[in-house]
Structures are given as structure tokens and as C-alpha cells.
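Notes to accompany the following structure.
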Amino acid sequence: HGKRLSKQTFAILPKIREVDAALRADPRARDRVHEIHPEVSFCALNGDRPMAQAKRTGPGFNERYALLQRQFPLAFERARAEHSRGRAADDDILDALAALWTARRLYLGKALSLPPGVPQLDGAGLPMVIWR
């Protein structure tokens, strides 16, 4: 009660439904599609400590940028040069790079799940887990 979806969440609901339908229709896809959340990835990148600053502030940008620069030197600059701010905000690029960091960990078998251990399944048999 009193909570609402953000505009961003509301805007991606059709895509969430699309992915959910694909995962329900093809159980093999469940081994290839993994849920991440950028702030969970940033926390893991930061030694399992939450970020100190809000992501849309100058200091918040700087602390996230510094973590990612160690992982993907110049990746932010390349993405910024290829995409206008109207198409991708700075924090969106950082979030995408945090997702890439987690994807690489998944590929290498180094990613950790939240919650840890064997994930619970929802009513459709889909795992309820976020990877970091």
C-alpha cells in the first residue's frame, strides 16, 4: 500500500512479460537467462559493501565508474562516444557494464546467487534468484 512502480519499471513490463513467457515455454532457456540487478553487482564489485552514494549523483557516478574502470578499461568512454545521452544516460551505461561483469562471472562459473544456495522456484518452476 502506498508503493508504486517507477516509470522505468512500468516501461519495461512488456519486456519482462516477454522473457517470462519465453522461459515458461522453453525450460532449456533457464540455463541461459539469468537475472541480475546492477546495484547487487556493484555491491559485489565493491567487496560486498553497498555503494555509499546514490547512482545519479556525481560522487555516485565516480565510485561506480572507478570500480568498472578496473574491470573494463575505457569501456564507458567507448559506449559514451557511440550513444548520445538521450539514448543512454551515464548511469545506464554503468548499469550495463555492471551486468556485463556479472555475465562474465556467470560464464566463468564464479557468480554467486542471492539468496545463496539452491534457489526457490516460483509457481511456474522458474528460479527466484539474482546473480552477482
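Listed values, structure above:
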quantity	calculated
The chain - convex hull of the alpha-carbon atoms, volume per residue in Å³	157 Å³
Mean accessible surface per residue for the chain, computed with a 1.4 Å probe while every protein chain stays in place, in Å²	70 Å²
Listed residues Glu82, Glu63, Glu39, most fluctuating in the chain (Gaussian network, C-alpha, under 10 Å)	Glu82
Carbon and sulfur %, accessible surface of the chain computed with the full protein complex present, 1.4 Å	58 percent
Backbone HN-Hα couplings from phi across region 101-116 [Karplus 6.51/-1.76/1.60, Hz, Gly and Pro as x]	4, 5, 4, 5, 5, 4, 4, 7, x, 9, 5, 10, 9, 10, x, x
Charged-residue dipole, Cβ positions (Lys, Arg, Asp, Glu), region 3-132 about Cα centre, Debye nearest 20	80 debye
Hits among lysines - C-alpha to C-alpha of Lys3 under 25 Å, sequence gap 8 or more where chains match	Lys15, Lys55
Per-residue [θ]222 nm for the chain (sum of -39500 (n - 2.57) over DSSP H runs n ≥ 4, rounded to 500)	-16500 deg cm²/dmol
Of Ala44, Ala99, Ala21, the one that fluctuates the most in a GNM where the chain has Cα springs shorter than 10 Å	Ala21
Candidates Lys55, Lys110, Lys15: whichever shows maximal mean-square fluctuation once the chain is modelled as a Gaussian network with Cα springs under 10 Å	Lys15
Table column - 3J(HN,Hα) (Hz), region 121-127, Karplus curve with 6.51, -1.76, 1.60, x for Gly and Pro	10, 7, x, 9, x, 8, x
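The values are calculated or read from the model by the stated rules, or taken from the named source; none is laboratory data. Here the structure is a predicted model, which is why all the values come from computation and not from measurement. Please note: Cβ atoms are built from the backbone with ideal geometry, for glycine as well, and neighbour counts cover all protein chains shown. Just so you know, the surface numbers come from the protein's heavy atoms only, side chains and all, with ligands and any DNA or RNA stripped out. Shrake-Rupley method; radii C 1.70, N 1.55, O 1.52, S 1.80 Å.
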